[in-house]
Each structure stands twice: as C-alpha cells, then as structure tokens.
Amino acid sequence: MYNNFVEEAVRMYRELPYENNELYKRYRLKFDLPEIDNSRSYTENVGRWSNIAESVSKDIRIRFDAVIYNGRYLHTSDSTKTSISAIKTSDMPREMMEQKLFHSSDDKFAAYTHAYSKLSIEITGEGDAAANILFITDSESESLPIQLQIKGRTGSKILINEFYVSSGNNQTVCGAMHEIIAHNGSHVELTMLHIEGGNVNAFSLVKGEAHGSGIIKTNLISAGGRMFRHRNDLVAKGKGSTLETNDTIIGFGSQSIDVGTNTRNAERATNSNSTIRAIVLDRSSAFIKGFAKIEKGCSGSVSRINEHGLIGDKDAFLYLIPDMSIDESDVIATHSSASAPIDAEKVFYMQSRGIMDSTAQFLIMNGLISETISKITDNEMRMVSYSVAADRVKSRSPGASEAHNISELWLHK
C-alpha cells in the first residue's frame, strides 16, 4: 500500500498547479522543488548537526528538546515531558495513512511531502506539556521534507515551539507538514519561527481539526529564507471549538513570500480568528491571503480576518487579499485589510520629540508586528520572536540572530 501511496503522491506533485484556489491563482509564489531518489540511503553526520544545534542554542539561549536534521534524523532529549517519536514513512501502518488529514490531491506541496519524506514525527502530551524543536537544513547534503502529527488528548495543553535554521552555502529546499487534532477540551498551540539563511526556499503546511471545545492556535514568524510559502487549513468541527492564527511576516532583500490561511466553522457556536501583520522592505514581495467560511447551520459562530501591512520601500510589494463565504445569518463575521507606506506624519511627530528618522520608522514597524507576536503564550518563545523581528527590521539580512535583545521594542501587553 505504501508504494502505491508514494506513486500517487509523485503523480499529483507533477500534475497539480502551485495554487488550487481559483480566487488566488494570480497571486502565488512558484519555486522549484527538486525531485528526490527514494531508493537512496543516507549516512548521518553526527558531529555536524550537533555543532550546529549547540551554536544556535547558545545564540538564542534556548534549550532544545528535539533536533530534526535535514528531515532525516530525529534526536530527542530525555528531559522533555512531551512524547516525541518517529516512524519511517515506509513503515507507516495502513490505518495511519487512511487517517491522514493531508491528502496528496490537496496541495502540490503536500503531494511533494508525501512523495519524498522519510520520517513522520508524532507529538503527544499528557496534561500541560511543552517542547522546543530545532529544524536544521544543511545544504551541504540533501534535505528532505518532514511530516509531523500533533495530537491534543482530552483536557491536555500542548505548546510546540519550532525553530527553523540553515547551514551551508548551497541553495536548498526545506519543508514541514503538520497535522493537528485537538480533542475535546484540549489546547494545542504551535509556534513556527523561520530564520533560515538566504539560500533556502522553505515551505510550511498546517492542517488541523478542533473537536468538542478544543482549541488550535498557530503562530507564524516568517523572517528568513530566499522564498517562503505557508498554508493554514483549519476547521472547527466541534461545538464551542476555537481556531486562532497569528502570522508575522517580515520581507527584506529580494525575498518572495506567499502566506494563505483557510478557516472553516463547521459546527454551531464555533470561533475562528485570523490576524496577520506584515512588513515588506527593499525589493521584497508578499502575497497574504485569508479565507474564512461559516457553513450552513452553524449559528452563533464568530469568524474574523484582520490583515494590516506596512510598505517600507518604494520597490517592495504587498498584496492583502481577505475573503469570506457565509452561509448562515445568525453569526458575527468581519474581514478587513489595510496597507500603506510608513506614515510620514507619525515620523515627523516623533522627530519633533527628539527621535531620529530611522529610529522612528523602526519603532513604527515593530509596533505593528508586536501585535501578533504578543499573542504567543510561551514567554521565552515570545521574547526570541520579538528579538528576531527587531533584528530583521534593522539588519535586513537572513540567518539566525545572536543573543536576543528587546530593549528597543514597543511591546503590546
């Protein structure tokens, strides 16, 4: 069955367009995904991944509970309270394949992940659990996409913080596909911080189901890489369930970014809220697409999309494209978007108070993106994300930051 599964995934990857949604087909990012020899075996370079992990941990002052190297090897710490285990995709049992949330026909990048990933990581937790996971993309050897399954058991609260970094001088692709199930009363929060170097094309996929009064919350900080594509596809399936996405986008240099979020209220009295804050600088471009649907019969539901962005330089481009489909009258549904250059009057006012022009612009930009970063629950992750945001807006260069510093930031309480 697995061989048939892979053959179908390869076929779908070759046939599917980069964007399935007709509304957004004009606004999408295309980059090459290299086909991989599935019969190839790999040898682990223990010293190299260990040195990279130690260096990143020292720079950003984070202890990692697990390290995933080039999508091929998982290394876990004995200290983590969260269960993190791996299974070879070739050994995936039939029932696991049949229960997958992502199908190869859903998305070109999902098909690519199914076709070429070697590991499927399962993350579960009892009670309150948390884990920091480091994803290393080393362009000195071939990088493979990775599959992750996150399961929130009844009444549990799981916080997963993911850090994506890269090493090496060659161009490469890194990708991760997440499948999240939040059972009755559980709370799953996933935070993804992308700080890859300028030679990496990265993609990220998240698909989730919130059952009962379950909560799924995702936080994205895109602050690295050469090209970056992200998709959220979340559904509130149980009465009282909640979906929340908070995306922070920082584009600089010649980066291209494509972020899309699709939320669906599929039961009565459910809630979904999508917030995006974006800054584009230099010659960067970003497509920000938010779509929300409230199905027929889902009375008492709430759905919101809020997209705001700043265009820092005349050669940068930002496209904000919110949309909704509402099939029920007894609901609250709102969407909004706004993008503009940095307000000259605000800069002038701050200059009149003795603040330099460059500092005034810096504070305005960081004030915008701190609206989404402030919603990260984990304090340590929130501080690192603030620090990375400040570094990117100032340095306009990719790669991992040194020790975090938030002394110059406006923080939202």
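The values are calculated or read from the model by the stated rules, or taken from the named source; none is laboratory data. Note that the structure is predicted; figures quoted are calculated from it, not measured. FYI the Cβ positions are ideal-geometry reconstructions off the backbone, even for glycines, and counts take in every protein chain you see.
In the condition set (1) of a type in the set (A, V, I, L, M, F, W, C); (2) within 18 Å of the chain's Cα centre (by Cα); (3) under 22 Å from K394 (Cβ atoms), I305 is compliant with all but (3).
Identify, from the list T242, T275, T248, T270, the residue that is crowded, with 22+ Cβ neighbours inside 10 Å, closer than 16 Å to L190 by Cα and not small (G, A, S).
Working: T242 fails: crowded, with 22+ Cβ neighbours inside 10 Å; T275 fails: crowded, with 22+ Cβ neighbours inside 10 Å; T270 fails: closer than 16 Å to L190 by Cα.
After ruling out the rest, the residue left standing is T248.
Regarding the range 88-97, can at least one residue be identified that is β-branched (V, I, T), surrounded by 14 or more Cβ atoms within 10 Å (Cβ to Cβ) and touching a strand residue (DSSP E or B) at 6+ places or on another chain (Cβ under 8 Å)? Yes. Among the criteria (1) closer than 21 Å to D247 by Cβ; (2) without any contact (Cβ under 8 Å) to a residue 40 or more places away in the chain; (3) crowded, with 18+ Cβ neighbours inside 10 Å, the one C298 does not fulfil is (1). The single condition among (1) closer than 30 Å to E162 by Cβ; (2) free of Cβ contacts under 8 Å to residues at least 24 places away in the same chain; (3) of a type in the set (V, I, T) that I355 does not satisfy is (1).
The set of residues in the range 147-204 being of a type in the set (S, T, N, Q), part of a strand (DSSP E or B) and within 26 Å of A129 (Cα to Cα) consists of Q147, Q149, N161, T191, S204. Could you say whether any residue in the range 326-334 is assigned to a strand (DSSP E or B) and exposed (fewer than 15 other Cβ atoms within 10 Å of the Cβ)? Yes, the range 326-334 has at least one match. The set of residues in the range 99-129 that are modelled with pLDDT under 90 and small (G, A, S) comprises G125, G127, A129.
For residues that are among the hydrophobic types (A, V, I, L, M, F, W, C) and closer than 22 Å to E35 by Cβ, scanning just the range 129-146, find the one that is farthest from the chain's Cα centre (by Cα).
As a first pass, look at the range 129-146 and keep what is among the hydrophobic types (A, V, I, L, M, F, W, C): 129-131, 133-136, 144, 146.
Then drop every residue that is not closer than 22 Å to E35 by Cβ, which leaves 135, 144, 146.
Details: F135: 13, L144: 17, I146: 14 Å.
Of everything passing the filter in the range 129-146, L144 is farthest from the chain's Cα centre (by Cα).
The criterion of being farther than 18 Å from I146 by Cα, in contact with a Lys or Arg (Cβ under 7 Å, 6 or more places away or on another chain) and in a strand (DSSP E or B) holds for I250. The residue list I160, I123, I136, I180 contains one member that is touching a helix residue (DSSP H, G or I) at 6+ places or on another chain (Cβ under 6 Å) and touching a residue at least 12 places away in the same chain (Cβ under 8 Å), which is I136. Within the range 223-246, if we keep just the residues that are among the hydroxyl-bearing types (S, T, Y) and more than 13 Å from the chain's Cα centre (by Cα), the residue that is farthest from V280 (Cα to Cα) turns out to be S241. In the range 226-237 there is at least one residue that is surrounded by 23 or more Cβ atoms within 10 Å (Cβ to Cβ), among the aromatic types (F, W, Y) and farther than 18 Å from I373 by Cα.
Applying the set (1) within 24 Å of the chain's Cα centre (by Cα); (2) among the β-branched types (V, I, T); (3) assigned to a loop (DSSP other than H, G, I, E, B) to I52 leaves exactly one unmet item: (3). Looking across the range 14-37, just one residue is loosely packed, with under 13 Cβ neighbours inside 10 Å, touching a strand residue (DSSP E or B) at 6+ places or on another chain (Cβ under 7 Å) and within 15 Å of K289 (Cβ to Cβ), and that is L23.
Among the residues of the range 388-397 satisfying the criterion of being crowded, with 21+ Cβ neighbours inside 10 Å and farther than 15 Å from E196 by Cα, which is modelled with the lowest pLDDT?
The first filter runs over the range 388-397 and keeps only residues crowded, with 21+ Cβ neighbours inside 10 Å, leaving 388-390, 392-393.
Those left that are additionally farther than 15 Å from E196 by Cα: 390, 393.
Numbers: A390: 88, V393: 91.
The selected residue is A390.
The number of residues in the range 118-129 that are under 12 Å from S83 (Cβ atoms) and part of a strand (DSSP E or B) comes to 6. Condition (residue is surrounded by fewer than 20 Cβ atoms within 10 Å (Cβ to Cβ) and at negative phi) applied to the range 106-118: is it met by at least one residue? Yes, because at least one residue in the range 106-118 is surrounded by fewer than 20 Cβ atoms within 10 Å (Cβ to Cβ) and at negative phi.
When you scan the range 13-22, do you find a residue that is in contact with a Gly (Cβ under 8 Å, 6 or more places away or on another chain) and farther than 21 Å from E98 by Cβ, even just one? Spell out how you get there, then give the answer.
First pass over the range 13-22, keeping only residues in contact with a Gly (Cβ under 8 Å, 6 or more places away or on another chain): 21.
Within this subset, residues satisfying the condition of being farther than 21 Å from E98 by Cβ are 21.
The answer is yes; a qualifying residue exists.
Screening L193 against (1) crowded, with 22+ Cβ neighbours inside 10 Å; (2) of a type in the set (A, V, I, L, M); (3) under 21 Å from D106 (Cβ atoms) leaves a single unmet condition, (3). Residues in the range 6-49 that are at pLDDT 90 or above and assigned to a helix (DSSP H, G or I): how many? Result for the range 6-49: 10. Of the residues making up the range 101-114, not a single one is over 23 Å from Q171 (Cβ atoms), in contact with a strand residue (DSSP E or B) (Cβ under 7 Å, 6 or more places away or on another chain) and of a type in the set (D, E). Output yes when any residue across the range 84-98 is aliphatic (A, V, I, L, M) and either at pLDDT 95 or above or in contact with a Lys or Arg (Cβ under 8 Å, 6 or more places away or on another chain) (or both), and no when none is. No: the range 84-98 contains no residue that is aliphatic (A, V, I, L, M) and either at pLDDT 95 or above or in contact with a Lys or Arg (Cβ under 8 Å, 6 or more places away or on another chain) (or both).
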